[in-house]
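For reference, the structure is listed below as structure tokens.
The values are calculated or read from the model by the stated rules, or taken from the named source; none is laboratory data. For clarity, every value in this text was computed on a predicted model and none was experimentally measured. Neighbour counts are summed over all protein chains in view; Cβ atoms, including those assigned to glycine, are modelled from backbone coordinates with ideal geometry.
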Amino acid sequence: MRLAKLVIGATLWAGGTGAALAEPELPDLTPATAEEEAAAVDWIKTSGVAFDPSAYDTATLAPLAQRLGGARVIGIGEATHGSHQDQAFKAALIRQLVASGQIEVLILEANREPALAFDRYVREGIGDPAVVMQTPAFFRIWKNDEFAGLLLWLRHWNRTAERKVRIVGVDVQDGGRDAAAALALAERHDPAAAARVRADLAPLIAAMEKPRTRFVDWLIDAERAETERAATGAAALDAWFAAAPPAARADPGFAEARWAARTAHQAFMAFEFERADADKSKADAAYFARRDRYMGENALAMLEPGERGALWAHDMHVLEDLPDIAKAVGFVTVGTVLREKLGEDYATVGFTWSQGAFRATLVPEGADFTRASQRQTLEPFNLPNNRPGELGHVFDRTGQVAMWIDLARRPAEGPVARWTGRPYWRGWSGWVANPANWQVTSFETGDIPLPVGMGHDVIVWFKTISPSHLWPQPPIPEQAAPGS
């Protein structure tokens, strides 16, 4: 797991702020013994559930859904943002949770606007999800068959369901479109205040009309004065909704507009120090956790009393626990926020694998990730996760091709218990990969493996993964010539 955003970001990247953490208590990276690994293999063989990765059905999924079903929120990850097997299994598990009455809400690591459009489609049949999936507000990593298939199934389910499943997006990376949506309601009830805010936000809102333009693209390229004024406007818009007059609160669209104002403000706070001219010395570890904290808080706020949901996100976001060094400097994940509030009512599923390929973008060490995100190629990478010290190496010895294992029910003591406390790489990749430093331990860069038993109640393993079925990018529309 990369701790650069947990600890190194607070000590090295900011420069001069690392004195307080000059000698942090680092995680124990002692590898498992041969005895511990052998015991772990035997335990996984006995207690794990093997399945056919090409044809899993209710017989495979129902026991797992039942195991998870008592939770208020179930965080379901994926080892990489670009592999077919874990995303397809996740979609199938969500379908099983819906069909068995275990969840009513799909919580997406996605921005508010596309998630709202998906919700209208699956509940009311309004709109075209294929069009929504190609908008810049929806992340390219999930513009694929795996996610689209889930949307179609949810629409099918809701056509006859007594209680329809709904979709919410909890991410905060679409500040311009969210601000515009919130302003539309504010203008109906307080035109003067809305006009002042719109003037502050005008350059941002206008930029969102350009093809494939994201909030962060505008934020890092616009003039600093423009971004500072827009940030002030977003804060003012959020404050207006917090103190909105009764007539505005009675508006049928108030709740959604209030939500949009909040996420617009959160976008500026989550990316406050991403500009090249930002004061990096103010970016502590808690800053790097802002996005996760907001997503966790948003997920809780969006659930109605009695509702239960499944969170679609990456393995690292759904983690319910972190190394002490990360917690000590104020870092959180979506999962740790949910765990703190829900306790045992939050359950998690993580993924791992042994061999194969996944989609990602090559980003050299030390490169500006925000800039690099503007050119996501998502090409296939063929990298290993079955060398000694990698979790696939242990699962390979079971002789199976796919399994899931309930780590929460591991022995309390003995060699298996000790094994779950040992560090292993899990084959994690977001949208970034670099073969030069793939799963190489480095405290300088923050790359370290996590204990097997940390962060997820259940781990799903595939011996072989393959690239996700990514949709091609549509051509950028030609711009009309001035005066035409």
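Per the conditions (1) closer than 23 Å to Thr33 by Cβ; (2) in contact (Cβ under 8 Å) with a residue 40 or more places away in the chain, the sole criterion not satisfied by Ala412 is (2).
Taking helices (runs of 4 or more DSSP H) as the structural unit, no element lying wholly within segment 46-135 holds at least 1 residues that are among the aliphatic types (A, V, I, L, M), in contact with a His (Cβ under 6 Å, 6 or more places away or on another chain) and surrounded by 21 or more Cβ atoms within 10 Å (Cβ to Cβ). Looking across Pro472, Pro415, one residue alone is out of contact with any strand residue (DSSP E or B) (no Cβ under 7 Å at 6 or more places or on another chain) and not assigned by the TED database to the domain that holds Tyr56. It is Pro472.
Considering segment 139-163 alone, what residues qualify as being among the basic types (Lys, Arg) and free of Cβ contacts under 8 Å to residues at least 60 places away in the same chain? Listed by number, the residues that qualify are Arg155, Arg159, Arg163. Restricted to segment 292-314, and to residues there that are surrounded by fewer than 23 Cβ atoms within 10 Å (Cβ to Cβ) and charged (D, E, K, R), the residue that is nearest to Gln102 (Cα to Cα) is Arg308.
Take the conditions (1) within 25 Å of the chain's Cα centre (by Cα); (2) farther than 23 Å from Asp277 by Cβ; Arg196 misses just one of them, which is (1). The residue that is surrounded by the fewest Cβ atoms within 10 Å (Cβ to Cβ), counting only those in segment 342-367 that are of a type in the set (A, V, I, L, M) and not in a strand (DSSP E or B), is Ala367. For segment 239-272, give me each residue that is surrounded by fewer than 20 Cβ atoms within 10 Å (Cβ to Cβ) and either part of a loop (DSSP other than H, G, I, E, B) or acidic (Asp, Glu) (or both). Within segment 239-272, Ala243, Pro245, Ala250, Asp251, Pro252, Gly253, Glu256, Glu272 qualify.
The residues of segment 171-199 that are surrounded by 24 or more Cβ atoms within 10 Å (Cβ to Cβ) and more than 25 Å from Glu297 (Cα to Cα) amount to a single one, Val197.
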